[in-house]
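Just so it is clear, none of the values below were taken in a lab; they were calculated from the coordinates. Note that the structure is predicted; figures quoted are calculated from it, not measured. Please note: Cβ atoms are built from the backbone with ideal geometry, for glycine as well, and neighbour counts cover all protein chains shown.
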Ligand code: FCB
């Protein structure tokens, strides 16, 4: 293996999620999720955008799979829309919904692309939110039933399964700052939601194990914060400890070690006594895993402060209220450096820190980067091509970091760039473009950007070109093809 190669069998994929691309919101029996409701509530999403049509993947999936094959991807991570396959979040499945995913999976397999399913990427069936949502324990039980229903339908052909995508966002942005669906703002509910998401992961993993063949690989995708303290002052270091507990250990503690750390319980004791954690829950959550998915975009920089500044990077959009419970005296700062179109600082060192941390702490669970990428203000040139050298530089620096982490001993087995297509970026609607394939949001035509061609070469060769070659390559990649 040369210094620039990735290990044999390394997955080079891209990732999407159902609500962000599918559209067909009311077709074939699908009922609203919390994101449908949220988008149709005035003032919640920039420009009043919705996922009603999104990029119409529900009708264009065959062409989209062809695009992935043309771009040499050997894996594709996508999510299932819960309310498309089990409309009210309870009871029997809707066959047409399952058929859609079965056809998609078969097409992927026919093209030699490994399908990787995420069961939950934030689109809770509205009826389950009406019954209390993630702050309620029953939602975790419903999730396990849904997991076994999807496993029963697709388990004969799909080997890679992720329970939840970024439970931090579901709990903290959905129930804390309210900038994500369902838009609630109660810090005690954030902690209840976090626990029930953990429980959903644990019960869901058990349901998957029971329904899937032994070769199935099961994991979860977290978005751990690479938390840094502004100074070495003990007060700033303590702010870092507290945010590490609230961002990371609240999830990886129960999932990977079977505990909620005592400092987390103490730090939040004025909001809750944690009596929602029942006997046996921690054992249920602490399940053996075959994969840990890490989603990474930018580091988190904190200090102790009395001035109540709001977080600069709370994930997706400002909001009046902080997403972080019991953290009013912690200030969040912008990490110095260039930023993406989201305002997120570009700093791959955070990814290295996280890969090495989870390598040490998981006792050898294979690691995958299940999301990484950048938003750019991409615009087609007069000839219709779309050039995104900043994205190539971003991908290069982060893939190089992955390679270094592997050289340093981390067992990293795949990288999924976010995202295949420009899509519905949650509270930002269609104003942020994360795709390596440009989508004209009027005609819905797809145009691979130069980054898609560049990544296709990395995927084909399993080699990362030297940084100096990365940008030269942009000119050599040929004309992107219009749809
Ligand atoms: C992640 C989400 C994904 C996308 C990217 C930019 O937090 O999982 O859906 O919004 O951020």
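Cβ neighbours within 10 Å, averaged per peptide: list 195-208, 35-48, 377-390, 112-125 in order, most packed at the top. Numbers along the way, then the final one.
Working: 195-208: 25.6, 35-48: 17.2, 377-390: 14.9, 112-125: 23.0.
So the order, starting with the most tightly packed, is 195-208, 112-125, 35-48, 377-390.
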FRET E, pair residue 445, residue 329, Förster distance 56 Å, beta-carbon r, rounded to 0.05: 0.65
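Tell me, 129, 338 in order of fewest to most beta-carbon neighbours within 10 Å? Don't skip to the end; give the middle numbers.
Numbers: 129 23, 338 10.
Least crowded to most crowded, the residues run 338, 129.
Provide 50, 88, 231 in ascending order of the number of other Cβ atoms located within 10 Å of each residue's Cβ, fewest first. Mind dumping the intermediate values first?
Values: 50 20, 88 15, 231 10.
Starting with the residue having the fewest Cβ neighbours, the order is 231, 88, 50.
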What distance in nm lies between label points placed 7 Å from Cα along the C-beta direction at residue 141 and residue 457? 5.6
Net length gained if the chain between residue 27 and residue 466 were fully extended (0.36 nm per residue, minus Cα distance): 153.3 nm
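Ignoring everything except DSSP H segments at least 4 long, calculate the 222 nm mean residue ellipticity for the chain; use -39,500 (n - 2.57) per segment, divide by total residues, nearest 500. Walk me through the intermediate numbers first.
Values: 15 runs with 168 residues, N = 483.
Roughly -10500 deg cm²/dmol at 222 nm, from the helical runs in the chain.
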Whole-Å distance, taken between Cα centres, linking the stretch 389-451 and the stretch 262-308: 28
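At 0.36 nm per residue, and after removing the present C-alpha to C-alpha distance, how many nm does the segment from residue 186 to residue 215 gain when stretched out fully? Show your work: numbers first, answer last.
On the way: separation 29, 0.36 × 29 = 10.44 nm, distance 4.11 nm.
Working it through step by step, the gained length comes to 6.3 nm.
Hey, with R₀ at 56 Å, roughly what FRET efficiency would residue 53 and residue 270 work out to, going by the Cβ-Cβ distance, to 0.05? If you can, show how the numbers build up before the last one.
On the way: r = 45 Å, r/R0 = 0.80.
Rounded to the nearest 0.05, the efficiency is 0.80.
With a/c under 1.5 counting as rounded, go ahead and sort the stretch 11-476 into rounded, prolate or oblate using the C-alpha gyration tensor (a ≥ b ≥ c being the square roots of the eigenvalues; past the cut-off, prolate if a/b is larger than b/c, else oblate). Kindly include the intermediate steps, with their values, before the conclusion.
On the way: a/c = 1.36, a/b = 1.11, b/c = 1.22.
In terms of gyration-tensor shape, rounded.
In which sequence would 322, 431, 14, 305 go, from the one with the fewest C-beta neighbours within 10 Å to the one with the most? Walk me through the numbers on the way to the answer.
Values: 322 22, 431 14, 14 27, 305 17.
Listed from fewest to most nearby Cβ atoms, that is 431, 305, 322, 14.
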Cα centroid separation - the stretch 46-115 against the stretch 169-192, whole Å: 27
